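The values are calculated or read from the model by the stated rules, or taken from the named source; none is laboratory data. Note that the coordinates shown come from a computational prediction; the quantities given were computed from them, not determined experimentally. Heads up, the Cβs are rebuilt from the backbone with ideal geometry, glycines too, and the neighbour counts pull from every protein chain shown.
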């Protein structure tokens, strides 16, 4: 093929492999070459494993040549956030403390993708210890948004979003505690999804907040995203995209959404998405989540992240937290000092929201929210406190969520759909149809 192989999505790769127009080795070499060219400026990858990638690609090419691929993801190139364990690769969690950490077991999320035939290119940059949303990493470099020089890709899975957006890989895995898959997906103009928190094992992933953490993929197409998530969950993907999935879909909105100050582009995108849903045959209604206050609940989630993160890192490293930056040490020591009253208050707030999830979704199929209140910003600017005001709701509910780009004239803007816990299959069907949603 004369076409740039890094531009092909998973569906196009599957077709090209089946017809013999290219093979996984050629595709892998094309991505490795692009990483060599682009990564010095982006700092998206922290480890590239060319030998393993080419070995896996060769095995995939042989399967395709025999007409025996393992499935639709066989030979698709991917990369993992560097808090996901892979035997034989460092897993740093974005810290100097873990620079030499070599896992002895593969994380189940990697096993499932590997067993589907995917080709692992390497490990991706992240915000240190996953506690932050800019991926301005003091050890492995300031990850850049490929859409605007000097701007953040978001975080903590910033390297994952930057790599997918810049065609360094087709699929990337991230983790999400308060929006850390969906915020960078929003800033970089790609799609991101997290499943119901209880449906995906988090073994072999360096934790931040076990009560909120969940892993999820990022991709440039909804079908690719859905196919990857289906693989992770061990389920069959719904039939190919159909416009009818929107007809009769009951979509809820929450009145507290407007408590968060929105950039004009985000406000416009949120309104345009509601209008487009109605044009596609969906019905919209305002629903109630009485105990949700975006800013207050985001603070509860942050406190939980800090104290659960402190529990992990103090146990792993000791009281001085050697190898962590001064800023991260300060946050974790603050979390460790939180008294039982504050911990109980935050836990009660999160438990209260989860208790209201059933009532929230009683009369709707999905909930619509913007993903972030603003677009990406320069690394030299202070990170807005409200970045996760909407995104962290899914984590607090333990619910699946899907973020997707909306039309915009400047930097990307994004909305997200949340389904009731356990209703991941509904979001997979919608993800497939999002590829034609704005046509």
message = For the structure I just gave you, tell me whether residue 111 is surrounded by fewer than 24 Cβ atoms within 10 Å (Cβ to Cβ) and assigned to a helix (DSSP H, G or I).
response = yes
ask   = Restricting the search to segment 44-60, which residues are outside any strand (DSSP E or B) and surrounded by 21 or more Cβ atoms within 10 Å (Cβ to Cβ)?
value = 44, 53, 56, 57, 60
task = Output yes when any residue across segment 386-406 is surrounded by fewer than 22 Cβ atoms within 10 Å (Cβ to Cβ), modelled with pLDDT of 95 or more and out of contact with any strand residue (DSSP E or B) (no Cβ under 9 Å at 6 or more places or on another chain), and no when none is.
result = yes
task = Sort through 33, 41, 116, 65 and tell me the only one that's more than 22 Å from residue 322 (Cα to Cα), out of contact with any strand residue (DSSP E or B) (no Cβ under 9 Å at 6 or more places or on another chain), surrounded by fewer than 22 Cβ atoms within 10 Å (Cβ to Cβ) and without any contact (Cβ under 8 Å) to a residue 12 or more places away in the chain.
result = 33
task = Residue by residue through segment 141-166, note down the ones that are in contact with a strand residue (DSSP E or B) (Cβ under 6 Å, 6 or more places away or on another chain) and either surrounded by fewer than 24 Cβ atoms within 10 Å (Cβ to Cβ) or more than 15 Å from residue 80 (Cβ to Cβ) (or both).
result = 142, 145, 150, 151
task = Scan (1) modelled with pLDDT of 95 or more; (2) over 18 Å from residue 210 (Cβ atoms); (3) surrounded by 12 or more Cβ atoms within 10 Å (Cβ to Cβ) for the single condition residue 275 breaks and write down its number.
result = (3)
task = Identify, from the list 403, 376, 429, the residue that is in a loop (DSSP other than H, G, I, E, B) and either on the phi < 0 side of the Ramachandran plot or touching a helix residue (DSSP H, G or I) at 6+ places or on another chain (Cβ under 6 Å) (or both).
result = 376
request  = Check every one of the helices (runs of 4 or more DSSP H) wholly within segment 243-346 and list those with 1 or more residues that are free of Cβ contacts under 8 Å to residues at least 24 places away in the same chain and in contact with a strand residue (DSSP E or B) (Cβ under 9 Å, 6 or more places away or on another chain).
outcome  = 264-279
note = Of 170, 196, 175, the only residue that is surrounded by fewer than 24 Cβ atoms within 10 Å (Cβ to Cβ) and modelled with pLDDT of 95 or more is 196
ask   = Exactly one of (1) in contact with a helix residue (DSSP H, G or I) (Cβ under 6 Å, 6 or more places away or on another chain); (2) crowded, with 24+ Cβ neighbours inside 10 Å; (3) within 22 Å of residue 381 (Cα to Cα) is unmet by residue 181. Its number?
value = (1)
